[in-house]
């Protein structure tokens, strides 16, 4: 399968601060790819190197078949973490202007904008200044600016920020439509359930290094056994048990995330030996991507 993006052993420092140490991954054509990591992990710096905003100290980047040039930049839709709409301009004016920067004529940009405004339920607001729009409306406007020139590669940072459930569903549908049209999408977000729903594959960056990479379903299978569902009577602070990284209660059942140094059998033995907690239900669960994220990041921090 053809790769739209290839990142190999990226390294970037700002003075004495090493923001990215060693990041590698490939993004295949026509997939939705998740770029994940905690705050400060190096995600945004990696994206900016991919977009040629920052130059890497070391490493190689291939975008759309080679080095990024001006022609290829017009084939990319990039929505950065720091939104870039001019707040004092009217919504229609600013999006048309940004579309012309990507090579569209004003007439084509206006025609496409009308369709997108209708799709995002923003048409009646097109003459308002950006600053007069709600946060959710501004988010939808930013997405229109990212997609209006019909890019082949779409890079979006936190696409669901500020959106209610109805508009979240709309954006997910649009992303899936773009994928079905053969577009490649790189999505960076903290909303792990959205990653599970949309992404074929992911890379997890922590402390400037890629530490988890592959297909979502395969990763979840690999981590089976690191998540437990436990119910019972009595009191137990599960986080005090050796190897338990996180516990949370939902509908009377404890959801437990284990670190790599322990096993479900060890936890079960400790609970059965306890006089304070009577086990009624104990199940090895397929972990969510959020459980895996917590396990890997905390495990790397504690290593």
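A few points about this structure:
- From the list 230, 219, the lone residue that is surrounded by 18 or more Cβ atoms within 10 Å (Cβ to Cβ) and more than 30 Å from residue 21 (Cα to Cα) is 230.
- In the condition set (1) in a helix (DSSP H, G or I); (2) touching a helix residue (DSSP H, G or I) at 6+ places or on another chain (Cβ under 8 Å); (3) closer than 30 Å to residue 207 by Cα, residue 47 is compliant with all but (2).
- Flag for residue 99 being surrounded by 18 or more Cβ atoms within 10 Å (Cβ to Cβ), within 26 Å of the chain's Cα centre (by Cα), modelled with pLDDT of 95 or more and under 23 Å from residue 128 (Cβ atoms): yes
- Some residue of segment 166-187 being within 15 Å of residue 78 (Cα to Cα), at pLDDT 95 or above, in contact with a helix residue (DSSP H, G or I) (Cβ under 7 Å, 6 or more places away or on another chain) and part of a helix (DSSP H, G or I): yes
- A single entry from 59, 77 fulfils the requirement of being part of a strand (DSSP E or B), touching a strand residue (DSSP E or B) at 6+ places or on another chain (Cβ under 6 Å) and more than 18 Å from residue 155 (Cα to Cα): 59.
- Note on segment 249-263: residues that are part of a loop (DSSP other than H, G, I, E, B), closer than 19 Å to residue 277 by Cα and touching a strand residue (DSSP E or B) at 6+ places or on another chain (Cβ under 9 Å) total 1.
- Close pairs from segment 107-127: first over 19 Å from residue 171 (Cα atoms), partner surrounded by fewer than 16 Cβ atoms within 10 Å (Cβ to Cβ), Cβ under 7 Å, at least 6 apart: 109/100
- Residue 52 at positive phi and either in a helix (DSSP H, G or I) or surrounded by fewer than 19 Cβ atoms within 10 Å (Cβ to Cβ) (or both): yes
- If you go through segment 220-248 and keep only what is assigned to a strand (DSSP E or B) and closer than 21 Å to residue 275 by Cβ, you end up with 228, 230, 231, 232, 233, 234, 244, 247.
- Verdict on residue 210 being in the same structural domain as residue 19 (by TED's automatic domain parsing), in a strand (DSSP E or B) and under 28 Å from the mean Cα position of the chain (by Cα): yes
- Residue in segment 64-72 that is touching a residue at least 60 places away in the same chain (Cβ under 8 Å) and under 21 Å from the mean Cα position of the chain (by Cα) present: yes
The values are calculated or read from the model by the stated rules, or taken from the named source; none is laboratory data. Fair warning: this is a prediction, and the values are worked out from it, not measured in the lab. Every residue, glycine among them, receives a Cβ derived from its backbone with ideal geometry; neighbour counts consider all protein chains shown.
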